[in-house]
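**Q** My questions all concern the structure below.
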Amino acid sequence: MKSRSEPPSTSAGSERALVVQVATERYALALSGVREVIPAATIVPVPRAPDGIAGVISVRGVITTVIDVARVLGLDGSGAADAPIVLVDVAGEVVGLWVTRVLRVVHDGSEPSSLPAPLDPARLLGRLATLPRG
Amino acid sequence: MDRDRTSEEFFVEAGRLVEALARELLVLEADVRAGVAAPGAFDAMSGHGRTLESLARTFGADVVAGLAHGVGELLDALGRGAVASRESALDLLLEGVDDLHRLVEADSAGDAPDVHPARYRAAVADALAGGSASRVVVAPAAGRGVGESDARIDMHKLDALLGLVGELGAVEGALDRLSERLRTRSADTALAREAQHVRRRLRRGVHALREGVLDARIVRLDRVFSPATLVVRELAVEQGKRVRLVTRGGDVELDRAIADGLYDVLTELVRNAVDHGVESPTEREASGKNPTATITLGAEVGGGRVRLRVEDDGRGVASERLRVLGVAPEPLLGGAAGDGRPGDPATLVAASDRATGSRVARGGGLEAVRDLVARLGGGVELASEPGVGTCVTLSVPLTLLRVPALLFEVRGMLFAISRDVVSSVRAASDSDVERRSGSELIEERGERLPLCRVADLFSLGAGGEASTENGKQLLFIDVAARRAALLVDRIHGHEPLLVKPFGPSLGAVPSLVGAAERGADRLALVIDPASLIEEIAVSAAQLGRTTP
């Protein structure tokens, strides 16, 4: 595989981040890309959608794709009905990330050693393309 | 290995988009410097920019995505006339497209050139800072009557408004129930009557508001035709060809979301026609043709859809060659585009191609067209005769909104299908189904129709009730004279629905066109009849073939 261009440090290091729990793992989502966190909603599964897509919901009238983050990352424990959905901006589209829990907001530099691994929504979407369609 | 193929596809596609950007920039540069750019001209480029950006993001090429974002912002600003200096904005645009070119070329070769999207975007922000100090003069293209003033209303704002209208509708429903309770339970009839009155006023208001917002979404096709006109003119000059472009039906009105989606499609098709269809004037004369070629862009409306035709009288293509390219001639995606013939081997080629999701890079242009049109809920047909010309026909819905729909349930999931295609409904029974060589048929009014079990089609799981048809419903559909029966669990009646497309992240889902809100918090998945009937026909034909 050829070397892929890296983004100029858009990850959690240089700004505030939202720490979320996915299955038993923790990840940091750059807060600048986070639109809002909505409580658990009825996700309508879409037949034939890629495997990591939980389904769609309506967010104020806009049909929004919800991604089962645990599934895309290959972690056990997706599917809690009361899990919240984090709405993020990816390439001009608002996409829902179905996570296990939303923990807290961390500030830049406050605790670099304990900062969890960054979670880049664009990369999640990129990974979706490689999963089989259901 | 798979990833390598994927990334190669990305570079092929990205290269195509960057080329398109560069080409259109060349076309526009002179006009913009002179202060006469056609309306919509930048929108076409913005479309390429956005496509490139999201493509790059999907494949994790973040530098390309970052740069494409900057270019897109600049293009949008140019389109709005919101740049400090046209000259410097153009220079910046050229620089950006140039860098994109270098990036895509270098990246496919495996090394990373020195490009900094952050710096570029800062420069773009600077260029925009001056705001409306000088406006790009948007003039109608020469000789064409695109005089309509185009108040650029942001689609997202319209959609947000429409969402709010939907919420108001829900409030109205709640008020309705409340006033009904008041009427039945309260002795105060005057109060109940007043509540009814208030509800009716609210309903009228909501209705008028919805109509108004929907109206603002309607645009004329001219908007899509004019950039195509420019492309034809410029390419013809560049390649020393003589082309006359005829447009018909520019006054057709359609949903803005569809019109915007058609930009890239039509531009690609006319480019294809000039590049590959139209011969040089001498070659044309030698074969007894008029040295000036004619490309016709036509549109006509019927059955809630608009049929667009891009026709040239060029050299045409043999159908074998199209198949080698991975693009099957004639009905590619659908019955609704024309009189599809299910038995046509070409249909099978197209469908198996679709089923395996294979993408052949060489047929890229037309493949991309097919994908884009599919995303709009439409179909593509291609007819070509060597020496005579090529005709590509697209059929897209006039709107993605307000479809009178029939709702049905399968395995607890709610689906909707346009009522226009439903010819009748009746209860199913075991004795109905006739099994013949692997496929299942249902007799209806003397005709044997293929049966489609919706639960199986969408792999919704057996649920322990697959063995019997009793108690279920049959729904007969008729799409452009092709008929089939759908087996569903329950019919929920019909109502007008606002059909909304899925987000790009979901990709195209065969036989589904989007979702519609039903009531406060339920979504119905909306079936695309054209793609469904095609799928049914293909699977029936395949079964018929494999079992002697």
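The values are calculated or read from the model by the stated rules, or taken from the named source; none is laboratory data. On a predicted model such as this, the values are computed, not experimentally measured, just so you know. Cβ placement follows ideal geometry from the backbone for every residue including glycine, while neighbour counts extend to all protein chains displayed. Heads up: the accessible areas ignore ligands, DNA and RNA and are worked out on the full protein's heavy atoms, side chains in. Shrake-Rupley method; radii C 1.70, N 1.55, O 1.52, S 1.80 Å.
**Q** Name the residues in region B:71-85 that are more than 13 Å from B:SER46 (Cβ to Cβ) and surrounded by 20 or more Cβ atoms within 10 Å (Cβ to Cβ), would you?
**A** Of everything in region B:71-85, just one residue is more than 13 Å from B:SER46 (Cβ to Cβ) and surrounded by 20 or more Cβ atoms within 10 Å (Cβ to Cβ), namely B:VAL83.
**Q** Another one. Just for region B:106-127: of the residues that are at pLDDT 75 or above and open to solvent by 50 Å² or more (accessible area, probe 1.4 Å), which one is nearest to the other protein chains (Cβ to nearest Cβ)? Outline the logic, then answer.
**A** First pass over region B:106-127, keeping only residues at pLDDT 75 or above: B:116-127.
Remaining after also requiring open to solvent by 50 Å² or more (accessible area, probe 1.4 Å): B:116, B:118-119, B:121-122, B:125-126.
Values: B:HIS116: 7, B:ALA118: 5, B:ARG119: 9, B:ARG121: 10, B:ALA122: 12, B:ALA125: 16, B:ASP126: 18 Å.
My answer is B:ALA118.
**Q** Further question: Would you mind finding the one in B:VAL278, B:VAL310, B:VAL224, B:VAL265 that is modelled with pLDDT of 85 or more, closer than 24 Å to B:VAL32 by Cα and open to solvent by less than 50 Å² (accessible area, probe 1.4 Å)? Steps first, answer last, please.
**A** Working: B:VAL278 fails: closer than 24 Å to B:VAL32 by Cα; B:VAL310 fails: closer than 24 Å to B:VAL32 by Cα; B:VAL224 fails: modelled with pLDDT of 85 or more.
The unique qualifying residue is B:VAL265.
**Q** What's the number of the only condition in (1) within 25 Å of B:ASP31 (Cα to Cα); (2) open to solvent by 10 Å² or more (accessible area, probe 1.4 Å); (3) within 28 Å of the chain's Cα centre (by Cα); (4) without any contact (Cβ under 8 Å) to a residue 60 or more places away in the chain that B:LYS241 fails to meet?
**A** (3)
**Q** Next up: May I ask you to say which residue of A:VAL62, A:VAL44 is within 12 Å of chain B (Cβ to nearest Cβ) and closer than 24 Å to B:SER459 by Cβ? Explain how you work it out, then say what you get.
**A** Working: A:VAL62 fails: closer than 24 Å to B:SER459 by Cβ.
Of A:VAL62, A:VAL44, the one residue that is within 12 Å of chain B (Cβ to nearest Cβ) and closer than 24 Å to B:SER459 by Cβ is A:VAL44.
**Q** Now a separate question. What number of residues in region B:494-511 are facing chain A (nearest Cβ under 7 Å) and either of a type in the set (D, E, K, R) or not in a loop (DSSP other than H, G, I, E, B) (or both)?
**A** Residues meeting the conditions: 4.
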